[in-house]
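Contents: one structure, followed by commentary.
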Amino acid sequence: MRHTITTVTLLLASCCAALAGAAEATKTLVVPGEVFAVDGKTAFVFTPAAADVPSGPKPWILYGPTLPAYPDEAEKWMHERFTAAGVAVAGIDTGESYGSPAGVTAMEALHAEMVRRGYATKPAFLGRSRGGLWASSWAIAHPELTAGVGGIYPVYDWRTYPGIDAAAPAYGLSPEDLAARASELCPIERIDVAAKAGVPFWIIHGDGDRKVPLEPNSARLKSRYDAAGRGHLVTLVVAKGQGHSMWEGFFRCQELVDFLIERARAGAE
């Protein structure tokens, strides 16, 4: 009898914890969808209308950085076009994880949940600004689960943004230790893994960006792909005179949208 009571108590505790986690998962969505909890973290999915979803595994785009303020209204145009094309968009709030292993682990949990829901095992990825660290770290950790990566003035080197001091806590290291391990932990230093695996990128970045400079981030990724003999897999559109701004050209870029839709669909085949 004691074992039965204990089992029931544990089950009730587990259910209550799950319900509490679900209750805490709140987020304002710019496109119709669902907010839910994954391993105690807030996740979301922008869901296409049922009639727009193709049969078989459903295509989707993994998004970063999922934070309380993102995705935001500036991106609404893009996400509406993704869902209108039958492509879902999902993300999980990992806090300011800056491409860290902990952030990748959280995205793995979201990925498993999306696959359980009938979505494809190979999503595309959209990384905006520091979301580029999320995207590139995912493509390096799981190139076999990455159909393609799109970027809007993305960060690929945390030494340029947010800087080593700010990034170190996300990695559980001192700034000195993180700097010493840049060759294994900084995404741009390991992007050859994605290049050799054939992960395509489509990036738009301004040449006047002072917050996330073009050269050590997007341009360097392109040069690393070139050096690996995979330069044809990277499209880098340089927005002349543009900085790290809300310029409409970044957020209403039809070519970027088309790339991500095509890659998400290819990942679902």
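The values are calculated or read from the model by the stated rules, or taken from the named source; none is laboratory data. Keep in mind that this is a model prediction, so the values were computed, not measured. Positions of Cβ are generated from backbone atoms using ideal geometry, with glycine treated the same way; all protein chains shown enter the neighbour counts.
What the table below lists for this structure:
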{"quantity": "Any pair with Cβ under 8 angstrom, 6 or more apart, that starts in region 167-179 at a residue that is acidic (Asp, Glu) and ends at one that is surrounded by 17 or more Cβ atoms within 10 Å (Cβ to Cβ) and part of a helix (DSSP H, G or I)", "calculated": "ASP177/ALA168"}
{"quantity": "Filter pass, ALA43 being outside any loop (DSSP other than H, G, I, E, B), free of Cβ contacts under 8 Å to residues at least 40 places away in the same chain and either in contact with a helix residue (DSSP H, G or I) (Cβ under 7 Å, 6 or more places away or on another chain) or not acidic (Asp, Glu) (or both)", "calculated": "no"}
{"quantity": "Complete set of residues in region 94-134 that are of a type in the set (Phe, Trp, Tyr) and either under 26 Å from TYR161 (Cβ atoms) or surrounded by fewer than 17 Cβ atoms within 10 Å (Cβ to Cβ) (or both)", "calculated": "TYR98, PHE125, TRP134"}
{"quantity": "Helices (runs of 4 or more DSSP H) contained in region 187-269 and holding at least 3 residues touching a residue at least 40 places away in the same chain (Cβ under 8 Å) and crowded, with 23+ Cβ neighbours inside 10 Å", "calculated": "254-267"}
{"quantity": "Odd one out for ALA51, checked against (1) modelled with pLDDT under 95; (2) not in a helix (DSSP H, G or I)", "calculated": "(2)"}
{"quantity": "Matching entry among ASP258, ASP207 (being acidic (Asp, Glu) and either more than 29 Å from ALA88 (Cα to Cα) or over 20 Å from the mean Cα position of the chain (by Cα) (or both))", "calculated": "ASP207"}
{"quantity": "Test: SER137 is touching a Ser or Thr at 6+ places or on another chain (Cβ under 8 Å), among the hydroxyl-bearing types (Ser, Thr, Tyr) and either farther than 16 Å from LEU236 by Cβ or crowded, with 24+ Cβ neighbours inside 10 Å (or both)", "calculated": "yes"}
{"quantity": "Residues (under 16 Å from the mean Cα position of the chain (by Cα) and of a type in the set (D, E, K, R)) located in region 142-195", "calculated": "GLU144, ASP157"}
{"quantity": "Residues of region 76-93 satisfying the condition of being out of contact with any strand residue (DSSP E or B) (no Cβ under 7 Å at 6 or more places or on another chain) and either crowded, with 24+ Cβ neighbours inside 10 Å or not hydrophobic (A, V, I, L, M, F, W, C) (or both)", "calculated": "LYS76, MET78, GLU80, ARG81, GLY86"}
